[in-house]
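Everything below concerns the one structure shown next.
The values are calculated or read from the model by the stated rules, or taken from the named source; none is laboratory data. Note that this is a predicted model, so its numbers are computed, not measured. Cβ coordinates were reconstructed from backbone atoms using ideal geometry, including for glycine residues, and neighbour counts include every protein chain displayed. Ligands, DNA and RNA are stripped out before the accessible areas are found, and what is left, the full protein with its side chains, is counted by its heavy atoms. Shrake-Rupley method; radii C 1.70, N 1.55, O 1.52, S 1.80 Å.
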Amino acid sequence: MILVVHAHPYPRRSRACAALLEGISGLEPMEVRSLYDLYPDFDVDVASEQAAMERAKLIVWLHPVYWYTVPGLLKHWFDVVLVGGWAHGAGGNALEGKECLWVPTTGDVEKYAPEAPHGHAFEAFVPVVEQTARYCGMRWLDPFVLHDSHKLDDEHLKRAGRKLHGRLELWLAEQKRDA
């Protein structure tokens, strides 16, 4: 099963994340958990989130990049859901061997360069999220990054959604083949 943890602070104003979600809709088996819809007060139901992760073989973190990392609620979700004794540390092997796909959307890709405003290539900001997955024993897959998301027209966004759909469909086919 694929678990998509979607974290957009303004989901009704999102074009890019919405297009990606639309693109993957209908994939089975898949569960989408939209954190800002579920927990607008940041009161995360830890048991429900952990149970969803336990059911999954692939965990997808889908969100816009905020201050070079994940939005506030997803960071809080990491803090309260990925706890020691469950996700890492002594006895914390609930996520061991699961796969993790990071699907961030970004602004201007040209601003991610040493001489540009962000001071680094986008790849410099990947290790924090990657290490979160790896620390929990998950296998890190190559991220699916959608740059320039605010500039893309509807057709480009639809193509990105279809491309993500294809990637997840391929993952599901590999799981069936290996079963």
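Taken together, 37, 41 contain a single residue that is more than 30 Å from residue 176 (Cβ to Cβ), surrounded by fewer than 17 Cβ atoms within 10 Å (Cβ to Cβ) and touching a residue at least 12 places away in the same chain (Cβ under 8 Å), which is 37. Is it true that residue 52 is in contact with an Asp or Glu (Cβ under 8 Å, 6 or more places away or on another chain) and farther than 23 Å from residue 158 by Cα? It is true that residue 52 is in contact with an Asp or Glu (Cβ under 8 Å, 6 or more places away or on another chain) and farther than 23 Å from residue 158 by Cα. Considering 157, 152, the condition of being open to solvent by less than 30 Å² (accessible area, probe 1.4 Å) and farther than 26 Å from residue 50 by Cβ is satisfied by 157 alone. Within the range 25-43, the residues that satisfy the criterion of being over 13 Å from the mean Cα position of the chain (by Cα) and in a helix (DSSP H, G or I) are 36, 37, 38.
Does the range 130-141 contain any residue that is under 27 Å from residue 161 (Cβ atoms), at pLDDT 95 or above and among the β-branched types (Val, Ile, Thr)? Within the range 130-141, one or more residues are under 27 Å from residue 161 (Cβ atoms), at pLDDT 95 or above and among the β-branched types (Val, Ile, Thr). Would you check if there is a residue in the range 163-177 being open to solvent by 100 Å² or more (accessible area, probe 1.4 Å) and at pLDDT below 95? The answer is yes, given that some residue of the range 163-177 is open to solvent by 100 Å² or more (accessible area, probe 1.4 Å) and at pLDDT below 95.
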